[in-house]
Amino acid sequence: PKEVFLKDYKMPDYSFEKVDLSFTLGEDNTIVASSITVSPQIEGTPCPLVLHGVDLKLLSIKVDGKELKEEEYHVTSRHLTLPAPPTTTFTLEIVTEIHPENNTSLEGLYKSSGNFCTQCEAEGFRKITFYQDRPDVMARYTCRIEADKTLYPVLLSNGNLVEQGDLEGGRHYAIWEDPYKKPSYLFALVAGQLESRDDSFITRSGKNVVLRIWTPCQDLPKTAHAMYSLKAAMKWDEEVFGLEYDLNLFNIVAVPDFNMGAMENKSLNIFNSKLVLASPETATDGDYAAILGVIGHEYFHNWTGNRVTCRDWFQLSLKEGLTVFRDQEFSSDMGSRTVKRIADVSRLRNYQFPQDASPMAHPVRPHSYIKMDNFYTVTVYEKGAEVVRMYKTLLGTEGFRKGMDLYFQRHDGQAVTCEDFFAAMRDANNADFSNFLLWYSQAGTPYVTVTSSYNPDARTYSLKFSQDVPPTAGQPVKEPMFIPVAVGLLDSSGKDMPLTSIYNEGMLQKFDQPASTIVLKVTKKEEEFVFSDIPEKPIPSLLRGYSAPIRLDSDLTDGDLFFLLAHDSDEFNRWEAGQVLARKLMLNLVADFQQNKDLILNQKFVNGIRSILCDSSLDKEFISKAITLPGEGEIMDMMKVADPDAVHAVRTFIKKQLALELKQEFLATVKSNSSDEPYVFDHQSLARRALKNIALVYLASLNEPETTEFALHEYKSATNMTEQFAALAAISQNPGQVRDEVLSDFYNKWQHDYLVVNKWFALQSSSDISGNVANVQKLLEHPAFDLRNPNKVYSLIGGFCGSPVNFHAKDGSGYKFLGDLVLQLDKINPQVASRMVSAFSRWRRYDETRQSLAKAQLEMIVSADGLSENVYEIASKSLA
Ligand code: HT7
Ligand code: ZN
């Protein structure tokens, strides 16, 4: 397979100004006619025009109205080349035949539940027609769609509807025109039996925008929250970034078969139904929050992605990192900022850190790829969002906004690079960012160590930093990074000390008034910062708000950490102090477990959890996060050789021990947080449910008749999915008859709702019950399961890979299960298969037995006949 490199980027030789598309949709085939105005970039210089095209049957090709002779063009399985096209502007007309009815890759034009829809990002447009399918080719599009009127009464594309009408033979047509230039990846078409929830939004300049969310008729009642989220996002973007919607119509379509979460096609967002449909009875608080975030995310792309797009796919984080940052901020403003930050940092640690330490590690802006689809990663998205957040930390809210304004002023309507974004931030603020751009080019999570010392005579306090970026594939040696570290100093009463002066340059704040948090700019391998006028030895609160995506190690003692847990004014760091303590404790217990020692839980830790659980001054959602133990993956990530059995045993032990010691407190928590009120998705209510649910999980882990009965009662009396599913999950921790009965009761209740059934699949497949692979094998045969539907695959197979004890079972059964499935899936949908094969990528982190079993599966996959490039890239890089 061919690898593409960032360093080889070349501007296109031809620009496309105007594209008229015409689709004749049928049951046995679809005919696509395109008419493109093509201009050579350098007039008068002959050079070949190379168009991308995959799985297309070329029916005809004309230049300026004249059919080309066979010797005037050349078609391969990936390209159509015109060796000597006209040297001045001309019209290119192409007709192709495609087969959406057989397209299981869900890329290009395909059918989902009988309806037609498209997915063109990253390189799916080339499965629709021959085109320069690259983001720096931007054109104005019209789209005519013709189809059977009964089967496909609704015909949608980008922009404005300019004409529609009936045709002979029960057919009809619609013509759409998009006034904005766009790359092909933002093209979209939908045709089918859909109905819409309609609403409207008046923009701050007084424009009326019609909002429509399209689903099959029976799902319409479940779109209220999505509509609420869309309107909230539109308002937020105006208020926070001054960005207004630019057309009179905004459509969202929900489809059940979709490879990712959603797609920001200009004015016609297409969504995975799981990120649109919600009702209190069928969706959890987590689903409601995800819908809010993703509806916001896709809407925000209208400016960060669509109006200003990427020059090439290496720049993906330019739009995705920035838009994730924007959706994170939106969700923070709509709920609890601290809890959202905790959730985002946990996601980074649990998924991105492991990727950054794996053979698949790549910079936020990758240097090369075989299949771009493989680079829609947590590194590009989540680490990319952290990079954007660092600009804001360094420049402040106003400075960041100035940078954004300049970015749009300079680049509206253009396809640009990460340097362009950096330059806008720098120039708008006259800032000195020295080596900040390394965040885009160096892979790996920086390790930062901090040591502190206090000099009572000089009343100075010093923080010494040293940083190290680990080697990653292709990058053995790294430069020191530019790391903003937000710091506060606590006095002995737990209050923030006023920070008034410092000896070194490099502090961000100007000290015209006392500050309680300042941002240190750490830019060297070793660096010291000295605070002056410090009256007593402080306890430092480091990396407040998690101001940089690094691993931080410090000389804080357990006593310091308990103190920060109790007093830090930075709520994120209160949580963080608890997590550092928990991680230390877990790692020590893992060592004890491995040496066959008895496990004993530190009483101070139990008391710390008790005091948080019972602190009525704290936000309940914050409490629920603070009493949740770090995940097994996070702990394994910190070990030299990951030991899934030991980590699982320890986490289970601590959970049970806490449940035993705090049983009365947990019982009281469940009782006092129960409510008969109808479901509302607001902060206070969801925080109450979060706290109640985690308390229930602790209690049920005891597996005593009394606690099981208690959880069963919660399951039966629940009136919303958040509480019902939490009770089901709590009961499901323990194998046995009760578990089996409740699981089958749940299925019987919800078998008509595929989204709820997916939760049921995921709950069972991700279970830590020993030997679970056999149950998952059986579920593959379940009538509700279908390998062609990505959501079902992610629930059942992805869920299974999320249980370290079972996926990494020492007999290799988990690896074999996944290896076989990857090959089956690859024939159906390579994008989904390659996501699944990624579970193998960290095989070298385990012991030798596991290593050889996992490696054997990867080798078997790589050598399979007809393997897709998608799976080949991940599997071969994992082996390298
Ligand atoms: N920009 C979208 C990316 C996307 C995608 C990429 C590859 C294959 C399928 C896909 N579906 C959607 C989603 C986003 O907003 O991040
Ligand atoms: Zn996005």
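Data overview
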read-out	value
Failed item in (1) away from ligand 2 (no atom under 16 Å from the Cβ); (2) in contact with a Pro (Cβ under 9 Å, 6 or more places away or on another chain); (3) not β-branched (Val, Ile, Thr), with residue 214 passing the rest	(2)
Candidates 295, 270 - the one that is outside any loop (DSSP other than H, G, I, E, B), touching a Cys at 6+ places or on another chain (Cβ under 7 Å) and within 16 Å of ligand 1 (Cβ to nearest atom)	270
Condition broken by residue 364, with the remaining ones in (1) out of contact with any His (no Cβ under 7 Å at 6 or more places or on another chain); (2) within 16 Å of ligand 1 (Cβ to nearest atom); (3) in a helix (DSSP H, G or I) satisfied	(3)
Condition met for residue 332 (surrounded by fewer than 22 Cβ atoms within 10 Å (Cβ to Cβ), among the polar types (S, T, N, Q), away from ligand 2 (no atom under 16 Å from the Cβ) and in a helix (DSSP H, G or I))	yes
Qualifying residue in the range 232-246 (condition: assigned to a strand (DSSP E or B), in contact (Cβ under 8 Å) with a residue 40 or more places away in the chain and surrounded by fewer than 21 Cβ atoms within 10 Å (Cβ to Cβ))	no
Failed item in (1) more than 16 Å from ligand 2 (Cβ to nearest atom); (2) assigned to a helix (DSSP H, G or I), with residue 385 passing the rest	(1)
Residue count, the range 760-793 (criterion: in a helix (DSSP H, G or I), touching a residue at least 40 places away in the same chain (Cβ under 8 Å) and under 25 Å from the mean Cα position of the chain (by Cα))	3
Selection within the range 626-647 - under 30 Å from residue 814 (Cα atoms) and assigned to a loop (DSSP other than H, G, I, E, B)	628, 629, 630, 631, 638, 639, 640, 641, 642, 643
Hey, residue 378 surrounded by fewer than 20 Cβ atoms within 10 Å (Cβ to Cβ), in contact (Cβ under 8 Å) with a residue 24 or more places away in the chain and within 24 Å of the chain's Cα centre (by Cα) or not	yes
The listed residue being away from ligand 1 (no atom under 16 Å from the Cβ) and either modelled with pLDDT under 95 or polar (S, T, N, Q) (or both), out of 118, 81, 104	81
When residues of the range 326-361 are limited to those that are among the acidic types (Asp, Glu) and more than 22 Å from residue 874 (Cα to Cα), the one nearest to ligand 1 (Cβ to nearest atom)	327
Number of the exception - residue 80 against (1) closer than 24 Å to residue 39 by Cβ; (2) out of contact with any His (no Cβ under 8 Å at 6 or more places or on another chain); (3) among the aliphatic types (A, V, I, L, M)	(2)
Strands (runs of 3 or more DSSP E) wholly inside the range 149-212 that include at least 1 residues being more than 30 Å from the chain's Cα centre (by Cα), of a type in the set (Lys, Arg) and closer than 17 Å to residue 115 by Cβ	171-182
Unmet requirement for residue 464, which otherwise passes all of (1) assigned to a helix (DSSP H, G or I); (2) in contact with a Ser or Thr (Cβ under 9 Å, 6 or more places away or on another chain)	(1)
Unique match (being basic (Lys, Arg), more than 28 Å from residue 370 (Cβ to Cβ) and touching a Leu at 6+ places or on another chain (Cβ under 9 Å)) among 18, 62, 66	62
Which listed residue, of 258, 300, is at negative phi, within 16 Å of the chain's Cα centre (by Cα) and within 11 Å of ligand 2 (Cβ to nearest atom)	300
Residue list for the range 411-459, restricted to those being closer than 18 Å to residue 136 by Cβ, among the β-branched types (Val, Ile, Thr) and assigned to a loop (DSSP other than H, G, I, E, B)	417
Which listed residue, of 878, 803, is in contact (Cβ under 8 Å) with a residue 40 or more places away in the chain and either surrounded by 22 or more Cβ atoms within 10 Å (Cβ to Cβ) or hydroxyl-bearing (Ser, Thr, Tyr) (or both)	878
Residue in the range 672-680 that is out of contact with any Ser or Thr (no Cβ under 6 Å at 6 or more places or on another chain), farther than 30 Å from residue 584 by Cα, of a type outside the set (Asp, Glu) and in a helix (DSSP H, G or I) present	yes
Flag for residue 323 being farther than 17 Å from residue 260 by Cα and within 11 Å of ligand 1 (Cβ to nearest atom)	no
Elements of type strands (runs of 3 or more DSSP E) contained in the range 67-141, each with 3 or more residues being among the acidic types (Asp, Glu)	none
Filtered residues of the range 589-625 (kept if within 15 Å of residue 659 (Cα to Cα) and part of a loop (DSSP other than H, G, I, E, B))	600, 601, 602, 614
Any hit, the range 589-600, residues being surrounded by fewer than 20 Cβ atoms within 10 Å (Cβ to Cβ), out of contact with any Phe, Trp or Tyr (no Cβ under 7 Å at 6 or more places or on another chain) and within 23 Å of residue 351 (Cβ to Cβ)	no
Some residue of the range 188-206 being closer than 27 Å to residue 325 by Cα and within 16 Å of ligand 2 (Cβ to nearest atom)	yes
Residues located in the range 273-292, provided they are assigned to a loop (DSSP other than H, G, I, E, B) and within 18 Å of the chain's Cα centre (by Cα)	276
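The values are calculated or read from the model by the stated rules, or taken from the named source; none is laboratory data. Because the structure is predicted, anything quoted here is derived from the model rather than measured. Reconstructed Cβ throughout: ideal geometry from the backbone, glycine too, with neighbour counts over all protein chains shown.
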